[in-house]
Amino acid sequence: MTPSPSKDAEPISLRFLDLLLGLQHAREWASIPPIQYTIDQLLSQSDPRAARYLKNYTFHIIPIMNPDGYEYSRNVDRNWHKSRCPSPPDELCRDPGVDRK
C-alpha cells in the first residue's frame with residue numbers, strides 16, 4: 001500500500017540543466033552565431049516554445065569559452081586552437097587546450 005500525498009503537499013517540479021558552450025577552440029569562429037541566435041530566441045520569446053523552455057530548463061550559456069585564444073586566432077595565427085593562458089607549473093599536462101585536464 002502506497003501512502004497518498006497530503007492535500008497540502010506541493011508538486012515536485014523538475015528542471016533540466018542545459019549547458020551551451022561556444023568557441024571552445026579558438027579557431028571555431030562559426031560556433032558563436034548559433035549561441036547568439038539561441039539567446040535571442042529565448043529572450044525575445046518570439047517562438048511560443050521559448051516560454052516553455054525557460055520554465056522547464058535552467059540555462060548556463062557561455063558564448064565564448066576561450067576569449068584569449070579567439071583574439072589570438074583572429075589577429076596572429078588563424079589556425080591557433082588553444083587557450084593563451086599558461087598551465088600552472090605543477091600540472092602534469094602542460095597543454096593549454098581548454099578541453100583538457
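The values are calculated or read from the model by the stated rules, or taken from the named source; none is laboratory data. On a predicted model such as this, the values are computed, not experimentally measured, just so you know. All Cβ positions, even for glycine, are placed from backbone atoms using ideal geometry, and neighbour counts span all protein chains on display.
What to note about this one:
- Positions within the range 10-26 being in contact with a His (Cβ under 9 Å, 6 or more places away or on another chain), assigned to a loop (DSSP other than H, G, I, E, B) and either among the hydrophobic types (A, V, I, L, M, F, W, C) or at pLDDT 85 or above (or both), in sequence order: ALA26
- Residue that is modelled with the highest pLDDT, among those in the range 68-94 that are surrounded by 13 or more Cβ atoms within 10 Å (Cβ to Cβ) and in a loop (DSSP other than H, G, I, E, B): TRP80
- Residue pairs meeting the criteria (Cβ under 9 Å; at least 6 apart or on separate chains; first in contact (Cβ under 8 Å) with a residue 60 or more places away in the chain and part of a loop (DSSP other than H, G, I, E, B), in the range 45-67; second surrounded by 10 or more Cβ atoms within 10 Å (Cβ to Cβ) and among the hydroxyl-bearing types (Ser, Thr, Tyr)): none
- Looking only at the range 33-62, and only at residues there that are of a type in the set (S, T, N, Q), more than 24 Å from ARG78 (Cβ to Cβ) and out of contact with any Asp or Glu (no Cβ under 9 Å at 6 or more places or on another chain), the one that is surrounded by the fewest Cβ atoms within 10 Å (Cβ to Cβ): SER44
- Test for ALA30: is it surrounded by fewer than 14 Cβ atoms within 10 Å (Cβ to Cβ) and in a helix (DSSP H, G or I): yes
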